[in-house]
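Report on one structure; see the data block that follows.
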Amino acid sequence: MDQRISITWVATNAFAPDRLRSLLEFVSRSSLLHVKGLPPNLYNLSETLSKEGGRLDISVDDDGGQQLGGILQANRDNGAALSFSLGPAATLVRSSPLIAAVDLLAAGARMLAADRGMVAVESTPGIAPMPIATWLSPSAAAEIDRSRIDGIAQEQWDGALLILPESPTTSVPRQAIRVIMATEGVDQEALTLAIRNALSSSDWEVRASAMLGAARGGLQSLGMHVKRMEIPQRGPGGVTGDVRRMLLAMQKASLVLLSCGAIPETSAEAPDNRPGMQAHLLRSIAGLPLRFYDDFSLLTTALTQPLPLVVPQPAILPCGLDRDRNGVYRSRSLEFIWVPPIVHWLGAGTNVRQQTPAQGYFLARWPLRSSNSNEYLQTSFARAREVAEEFSSSEGLALAIPTADEWEMAVRGPDARLFPWGNGWEKEMLSAASPWGMRDCAGIVGQWSADGLVCGAARDPRCAARSRQESTAAIRLKIDSQVPSSSDTTAGEARP
């Protein structure tokens, strides 16, 4: 089969011509591309530099005569755009054509000089697996909390760090396209290229983000692409019925904006008529200030707001909590994640709101497990409070059950997502980490909050869902002490 992988990458910094030779040397010695029957470093490399940009041709031949070929182009004057198409795939170690694509990604690593720079790989729909790699810029890589990366560094070049997530379903392009859209000063041609490619992504969230990016950017040349964009179906592997209806409304309103439709003012109250709702939809999609928030504006936020690469860190650690050499926060027997004091979105429906914790806080990475089994301990609410007191004594920390808002901020992160992993129903992602690194937080076992409400129940894994119906639930503990934050920041996670 003719397997193809498309790579689209945009950054705002220039590509220095004097770095091309180092780039070629890095590609030639990289261990990420191995062709069976050949030494890993047997490559044919050629370069051509011109005033307009750089060009790199890479080809690899194996004993069967198959060839991997591609062209890397970088505009040094007006930002940079990388577009790569991988032709008939050679037989690769680990039987994955993505390994070749990751090697080619290395060629763009040095172009990531900006803190917000990212690179993404995306496979052609229906042919290759989901994206599995991203590069972080040198400055972000130097500061990042390694314990909060859902993967491991495989290669480094001039300080840039390559991350391969644990889960093959992790979608780096979701964050990449949102970073591109949020970055000021991106060359218009490069922005149009990135959004046009994203509109045909196999990941519906990437497509939806690109649709909103086209509307906000006034990219009228992409109107037909937006009109033809596939809206995901309701059901497993797709979206809920409510999300599908909102996406259809977004598509229609985006086309209105792309046709230069006027954006009216809205009232301070939720609209009770069609013109009022249309005005609200248009302002949400355009990214203009709103006078009220609802599920629609929440979804547009989730599809356009990238996760931060830098967040405030704890200035001091509570007595009894240490940070190991891998950056993991540990007490005697528990691991903790840090929720920074930045703005978070909470709620759903008519109760959508923003909240910033007065100070950051620590929450257990996992719910407590039974002492005689690997299953999560499930108790009554009264017993859960007793367990928190018992663990306070054994761990040497002041521990408590988190409030429902604290639990939701930890599981939802700052970008308003519907589920811990994103905005669609993905059963295989139930155990995935939240943006702040919390695990098994929704859809597996309900967990008590200090309000007596159960969060994250299997029957409703939405981040905002809270219930009073359960008589027993699992226990996740927080450190019940004030934790001041430092003005120093470190890189956050780039999750789907």
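Please pick out the residue among A433, A388, A416 that is in the same structural domain as W448 (by TED's automatic domain parsing) and part of a helix (DSSP H, G or I).
Unique residue meeting the criteria: A388.
Go through the residues of segment 472-487 one by one and say whether even a single one is in contact with a helix residue (DSSP H, G or I) (Cβ under 6 Å, 6 or more places away or on another chain), of a type in the set (S, T, Y) and within 24 Å of R383 (Cα to Cα).
The answer is no; no qualifying residue exists.
Out of all the residues in segment 363-371, is one or more free of Cβ contacts under 8 Å to residues at least 12 places away in the same chain, touching a strand residue (DSSP E or B) at 6+ places or on another chain (Cβ under 9 Å) and not assigned by TED's automatic domain parsing to the domain that holds P264?
yes
When you look at A182, is it hydrophobic (A, V, I, L, M, F, W, C) and crowded, with 18+ Cβ neighbours inside 10 Å, yes or no?
Numbers: hydrophobic (A, V, I, L, M, F, W, C): yes; crowded, with 18+ Cβ neighbours inside 10 Å: no.
Against the criterion (hydrophobic (A, V, I, L, M, F, W, C) and crowded, with 18+ Cβ neighbours inside 10 Å), A182 does not qualify.
So the check is Cβ under 7 Å with 6+ separation or different chains; which pairs have a first residue in segment 258-282 that's surrounded by fewer than 13 Cβ atoms within 10 Å (Cβ to Cβ) and a second one that's among the aromatic types (F, W, Y) and modelled with pLDDT of 80 or more?
Here the result reads A268/F292; E269/F292, each pair linking segment 258-282 to a residue that is among the aromatic types (F, W, Y) and modelled with pLDDT of 80 or more.
What about L248, is it exposed (fewer than 12 other Cβ atoms within 10 Å of the Cβ) and either modelled with pLDDT of 95 or more or part of a helix (DSSP H, G or I) (or both)?
Spelling it out, L248 is indeed exposed (fewer than 12 other Cβ atoms within 10 Å of the Cβ) and either modelled with pLDDT of 95 or more or part of a helix (DSSP H, G or I) (or both).
So is R207 under 19 Å from P435 (Cβ atoms), at pLDDT 80 or above, under 15 Å from the mean Cα position of the chain (by Cα) and not in a loop (DSSP other than H, G, I, E, B) or not?
no
Would you check which residues across segment 449-460 are surrounded by fewer than 22 Cβ atoms within 10 Å (Cβ to Cβ) and touching a residue at least 40 places away in the same chain (Cβ under 8 Å) and list them?
A450, D451, G452, L453
When segment 196-224 is examined, which residues are found to be more than 23 Å from A262 (Cβ to Cβ) and in contact with a helix residue (DSSP H, G or I) (Cβ under 7 Å, 6 or more places away or on another chain)? Even if it seems obvious, please write down each step before you answer.
Pass one, segment 196-224, residues more than 23 Å from A262 (Cβ to Cβ): 196-210.
Passing the criteria: R196, A198, L199, S201, D203, E205, V206, R207, A208, S209, A210.
Within the bounds of segment 310-327, is there any residue that is surrounded by 15 or more Cβ atoms within 10 Å (Cβ to Cβ), within 20 Å of the chain's Cα centre (by Cα) and farther than 30 Å from G396 by Cβ?
yes
Among the residues that make up segment 468-480, is at least one of them basic (K, R) and either touching a Ser or Thr at 6+ places or on another chain (Cβ under 7 Å) or at pLDDT below 90 (or both)? Even if it seems obvious, please write down each step before you answer.
If we filter segment 468-480 for residues that are basic (K, R), which is where we start, we get 468, 476, 478.
Filter again for either touching a Ser or Thr at 6+ places or on another chain (Cβ under 7 Å) or at pLDDT below 90 (or both), leaving none.
No: segment 468-480 contains no residue that is basic (K, R) and either touching a Ser or Thr at 6+ places or on another chain (Cβ under 7 Å) or at pLDDT below 90 (or both).
Tell me yes or no: at least one residue of segment 286-297 is of a type in the set (S, T, N, Q), more than 30 Å from L247 (Cβ to Cβ), surrounded by fewer than 21 Cβ atoms within 10 Å (Cβ to Cβ) and touching a residue at least 24 places away in the same chain (Cβ under 8 Å).
Scanning segment 286-297, I find no residue that is of a type in the set (S, T, N, Q), more than 30 Å from L247 (Cβ to Cβ), surrounded by fewer than 21 Cβ atoms within 10 Å (Cβ to Cβ) and touching a residue at least 24 places away in the same chain (Cβ under 8 Å), so the answer is no.
The values are calculated or read from the model by the stated rules, or taken from the named source; none is laboratory data. Nothing here was measured: the structure is a model prediction, and the numbers come from that model. Positions of Cβ are backbone-derived with ideal geometry, glycine not excepted, and every protein chain shown enters the neighbour counts.
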